[in-house]
Amino acid sequence: GAVVSQHPSWVICKSGTSVKIECRSLDFQATTMFWYRQFPKQSLMLMATSNEGSKATYEQGVEKDKFLINHASLTLSTLTVTSAHPEDSSFYICSARLPGLAREQFFGPGTRLTVL
Amino acid sequence: GEDVEQSLFLSVREGDSSVINCTYTDSSSTYLYWYKQEPGAGLQLLTYIFSNMDMKQDQRLTVLLNKKDKHLSLRIADTQTGDSAIYFCADSRGGSQGNLIFGKGTKLSVKP
């Protein structure tokens, strides 16, 4: 159980275009999902916390108008990178949190974004 | 602010035990986690420990927590080549959001 999927697993796009990444919890309902960014050989940097039915909470330094997050249902959150530039190239990982005290987070397999 | 520190590399021989260490600064942490990341993949939750415990064992994995020193370790017994990966220690930030603060990860290399 507790499987999280992401789509697409990789995407290459031209500079200036927008890219949407989906994150789904397959076998549980997640009121909270998280979006992380990981640079090569680096740790995960939390970008935003996505709560179902409300606006996302962005971490300091993350542009909310550039990284649009929508959490329309209990099993789906989307991250849209708008007007992507080469510096946005990165590995984007989402996670979904199980309800309960342990607050276990289960991670998707990640999406490799390359902006040309 | 909160910080989680790990050594960056560990190399062991197949069959030996691996011990990956982590220190954290947030004294209000309630849960601490270990995640495994294989190349090009997301993170896999290995285990977690509640802060009022000092040890948790799960098959080949043993987690030790020294809350006084804010030190967490993950021991992998009988390390196999398939255990080669990056291991992240994570601390749950206090508050309702339950965000995770990750260390930089320890790259474990297992030599045959």
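Can you find even one residue in region B:96-108 that is closer than 30 Å to A:A48 by Cβ, surrounded by fewer than 15 Cβ atoms within 10 Å (Cβ to Cβ) and within 11 Å of another protein chain (Cβ to nearest Cβ)? Scanning region B:96-108, I find at least one residue that is closer than 30 Å to A:A48 by Cβ, surrounded by fewer than 15 Cβ atoms within 10 Å (Cβ to Cβ) and within 11 Å of another protein chain (Cβ to nearest Cβ), so the answer is yes.
Of everything in region A:40-50 that's more than 9 Å from chain B (Cβ to nearest Cβ) and not hydrophobic (A, V, I, L, M, F, W, C), which residue is surrounded by the fewest Cβ atoms within 10 Å (Cβ to Cβ)? Please lay out each step first, then the result.
Our first condition is that a residue be more than 9 Å from chain B (Cβ to nearest Cβ); within region A:40-50, this holds for A:40, A:47-48, A:50.
Filter again for not hydrophobic (A, V, I, L, M, F, W, C), leaving A:40, A:50.
On the way: A:P40: 7, A:S50: 26.
Top of the filtered list is A:P40.
Checking region A:28-39 against the condition returns a match, with at least one residue being loosely packed, with under 15 Cβ neighbours inside 10 Å, closer than 18 Å to B:G42 by Cα and over 12 Å from the mean Cα position of the chain (by Cα). Screening region A:51-73 for residues that are in contact with a Leu (Cβ under 7 Å, 6 or more places away or on another chain) and closer than 30 Å to B:E5 by Cβ and picking the one that is surrounded by the most Cβ atoms within 10 Å (Cβ to Cβ) gives A:I69. Across region B:50-70, the qualifying residues are those that are open to solvent by less than 60 Å² (accessible area, probe 1.4 Å) and not polar (S, T, N, Q), and the one among them that is nearest to B:Y31 (Cα to Cα) is B:L65. Contact map, region A:23-48: first residue farther than 9 Å from A:A96 by Cα, second residue charged (D, E, K, R) and open to solvent by less than 30 Å² (accessible area, probe 1.4 Å), Cβ cut-off under 6 Å, separation 6 or more or different chains; pairs are A:M45/A:R37; A:M47/A:R37.
Just one of the listed residues (A:A96, A:A102) is within 21 Å of B:Y33 (Cα to Cα), assigned to a loop (DSSP other than H, G, I, E, B) and modelled with pLDDT under 95, and it is A:A102. Has region A:18-41 got any residue that is at pLDDT 95 or above and β-branched (V, I, T)? Checked region A:18-41: at least one residue is at pLDDT 95 or above and β-branched (V, I, T). One residue stands out among those in region A:99-116 that are surrounded by fewer than 18 Cβ atoms within 10 Å (Cβ to Cβ) and more than 27 Å from A:A84 (Cα to Cα): the one that is nearest to the other protein chains (Cβ to nearest Cβ), which is A:A102.
For A:G16, state whether it is more than 10 Å from every other protein chain (Cβ to nearest Cβ) and open to solvent by less than 50 Å² (accessible area, probe 1.4 Å).
On the way: more than 10 Å from every other protein chain (Cβ to nearest Cβ): yes; open to solvent by less than 50 Å² (accessible area, probe 1.4 Å): yes.
Criteria met by A:G16.
Going through region B:4-19 one residue at a time, which ones are buried (at least 18 other Cβ atoms within 10 Å of the Cβ) and either modelled with pLDDT under 95 or within 14 Å of chain A (Cβ to nearest Cβ) (or both)? If the condition is that a residue be buried (at least 18 other Cβ atoms within 10 Å of the Cβ) and either modelled with pLDDT under 95 or within 14 Å of chain A (Cβ to nearest Cβ) (or both), then B:V4, B:Q6 are the ones that fit. Among the strands (runs of 3 or more DSSP E) confined to chain B, the ones with at least 2 residues that are over 27 Å from A:E59 (Cβ atoms) are located at B:9-13, B:18-24, B:55-58, B:61-66, B:71-76, B:106-111. Of the residues making up region A:76-92, those that are within 13 Å of the chain's Cα centre (by Cα) and surrounded by fewer than 19 Cβ atoms within 10 Å (Cβ to Cβ) are A:L76, A:T80.
The values are calculated or read from the model by the stated rules, or taken from the named source; none is laboratory data. All values derive from a computational prediction rather than experimental measurement. With ideal geometry, Cβ positions are generated from the backbone for all residues, glycine too; neighbour counts draw on all protein chains shown. Side chains included, ligands, DNA and RNA excluded: accessible areas come from the protein's heavy atoms. Shrake-Rupley method; radii C 1.70, N 1.55, O 1.52, S 1.80 Å.
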